[in-house]
């Protein structure tokens, strides 16, 4: 891919080309191929005159990793305009990673502990006043005021 974009890169003899290919392969051996390609495409999209170094591609990978580490989508983080300017395959990689994320659990409202009366009804204001009336009737009182 890189040698296609930078033809002077392929002007090496076979041995030097093999050494360069091995070096690049070794430096990216533990990385997801789509991740590396996404970083390379960002570099190629910059229309630079020189072929990238391994370090420049690794830096692009760190940028993508930073984008993906945000709590919001990359599109929201970098803005719709910049996101739309990313190479299509880079956007596809980002969207694939974002889709595979496990959503964080939403914070649930704490429900109040429900309490029940002796006869199994849920305590509500209505039930409370009903019970108060019962107690008033049982004691013969017509007011909640404490006696003097």
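The values are calculated or read from the model by the stated rules, or taken from the named source; none is laboratory data. Not measured: the values here are computed from a predicted model. Neighbour counts are summed over all protein chains in view; Cβ atoms, including those assigned to glycine, are modelled from backbone coordinates with ideal geometry.
Against the test of being part of a loop (DSSP other than H, G, I, E, B) and out of contact with any helix residue (DSSP H, G or I) (no Cβ under 8 Å at 6 or more places or on another chain), the options 76, 31, 47 yield a single qualifying residue, 47. Among residues that are within 18 Å of the chain's Cα centre (by Cα), in a helix (DSSP H, G or I), surrounded by 11 or more Cβ atoms within 10 Å (Cβ to Cβ) and modelled with pLDDT of 90 or more, residue 39 is not included. For the range 103-111, the criterion of being more than 12 Å from residue 39 (Cα to Cα), surrounded by 11 or more Cβ atoms within 10 Å (Cβ to Cβ), under 12 Å from the mean Cα position of the chain (by Cα) and free of Cβ contacts under 8 Å to residues at least 60 places away in the same chain is met by none of the residues.
Out of the residues in the range 50-59 meeting the condition of being at pLDDT 85 or above and not in a helix (DSSP H, G or I), tell me which one is surrounded by the most Cβ atoms within 10 Å (Cβ to Cβ). Filtering the range 50-59 for residues that are at pLDDT 85 or above and not in a helix (DSSP H, G or I), the one surrounded by the most Cβ atoms within 10 Å (Cβ to Cβ) comes out as 52.
Within the range 60-73, being touching a helix residue (DSSP H, G or I) at 6+ places or on another chain (Cβ under 8 Å) and under 18 Å from residue 87 (Cα atoms) holds for 60, 61, 63, 64, 67, 68, 73. Taken over the range 122-148, the criterion of being at pLDDT 80 or above and assigned to a loop (DSSP other than H, G, I, E, B) is satisfied by 124 alone. Scan the range 64-84 for residues that are under 17 Å from residue 43 (Cβ atoms) and exposed (fewer than 13 other Cβ atoms within 10 Å of the Cβ) and jot them down. Scanning the range 64-84 gives 65, 66, 82.
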